[in-house]
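Below is one structure; the comments refer to it alone.
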Amino acid sequence: MESVEVLTTERLALRKMNKGDTANLLEIFADPVAMQYYPSTKDEHETNAWIDWTLENYAKFGAGLWIVEDKQTGEFLGQCGLVLQKVDGSIEMEIGYLFKRSVWGNGYATEAALACKEYGFTELQLSKLISLIDVHNVPSINVAERVGMKREKSVVKWDKEIAVYAVYR
Ligand SMILES: CC(C)(COP(=O)(O)OP(=O)(O)OC[C@H]1O[C@@H](n2cnc3c(N)ncnc32)[C@H](O)[C@@H]1OP(=O)(O)O)[C@@H](O)C(=O)NCCC(=O)NCCS
């Protein structure tokens, strides 16, 4: 499958997701620990639907979740990118990040999220970026804070309390 690069950082390459990424994504989606703040794990069929949804986002919005790889080895590490979310009736662009558990604790999510913030502010000319985070998801809150986000409010979304973190250009 053709690899379409979007961004690179010191250690990472971010490329477009494609239909060949099912097995990669299942390393995250089939892991109940990685998915503990999501409604459930995802099977192969649901993972393929996720890829289709992401490809639609690229076409409609010029952004979506991208695949994050080790720049040197090409190893699949996770996904990080920009996704539209509805918050209190308005539409906001979210920085989303999900990495496979075996590579947590290396700073990859922060490095990728910082590059996505830069992309959102410079390439897409957005003035605000958010992250919607389960109030108990401390590793995710830590990433948001390292990216320069501050907690603005809590909302009820996906039937639970979600903290809205935000950063402005
Ligand atoms: C949220 C998630 C991406 C955070 O991953 P993470 O690896 O903890 O986050 P980072 O990439 O920022 O790494 C930070 C850790 O790497 C350590 N680290 C090691 N080497 C580092 C380096 N070179 N640079 C920066 N940090 C480094 C940091 O000290 C920090 O460790 P700590 O957690 O013990 O404080 C991960 O938990 C995940 O994928 N969860 C499942 C999906 C999910 O819930 N996503 C969020 C939904 S809102």
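Every number here is computed from the coordinates shown, using simple stated rules; none is lab data. If you're wondering where the values come from, they're calculated on a predicted model, not measured in any experiment. With ideal geometry, Cβ positions are generated from the backbone for all residues, glycine too; neighbour counts draw on all protein chains shown.
Summary table below
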{"quantity": "Share, in percent, of DSSP beta bridges within the chain that are antiparallel, nearest 5", "calculated": "95"}
{"quantity": "Global form of the chain, assessed from the alpha-carbon gyration tensor, a/c cut-off 1.5", "calculated": "rounded"}
{"quantity": "Spacing of the two label points (7 Å from each Cα toward its C-beta) at Lys71 and Asn48, in nm", "calculated": "3.5"}
{"quantity": "Packing-based exposure ordering (other Cβ within 10 Å, fewest first) of Phe61, Phe99", "calculated": "Phe61, Phe99"}
{"quantity": "Max mean-square fluctuation residue, GNM over the chain, Cα-Cα springs under 10 Å, options Val83, Val155, Val143", "calculated": "Val155"}
{"quantity": "Modelled FRET efficiency - R0 45 Å, Ser90 with Ala23, Cβ distances, 0.05 increments", "calculated": "0.80"}
{"quantity": "Sorted by Cβ neighbour density within 10 Å, fewest at the top, the residues Trp50, Trp104", "calculated": "Trp104, Trp50"}
{"quantity": "Proxy reagent accessibility, fewest Cβ within 10 Å first, across Val4, Val87, Val68", "calculated": "Val4, Val87, Val68"}
{"quantity": "Spin-label model distance (nm) - Ser102 vs Met1, 7 Å beyond Cα toward Cβ", "calculated": "1.9"}
{"quantity": "Global form of the stretch 41-139, assessed from the alpha-carbon gyration tensor, a/c cut-off 1.5", "calculated": "rounded"}
{"quantity": "The chain, relative contact order [Cα under 8 Å, separation at least 6], %", "calculated": "17"}
{"quantity": "Formal net charge of residues neighbouring Gly120 (Cβ-Cβ distance under 14 Å; K, R +1; D, E -1)", "calculated": "-1"}
{"quantity": "Pair Ala59, Glu10: separation of 7 Å Cα→Cβ label points (nm)", "calculated": "3.9"}
{"quantity": "Choice from Thr47, Thr73, Thr22 with maximal GNM fluctuation in the chain (Cα, 10 Å cutoff)", "calculated": "Thr73"}
{"quantity": "GNM top mover of Tyr37, Tyr97, Tyr119 - the chain, alpha-carbon springs below 10 Å", "calculated": "Tyr37"}
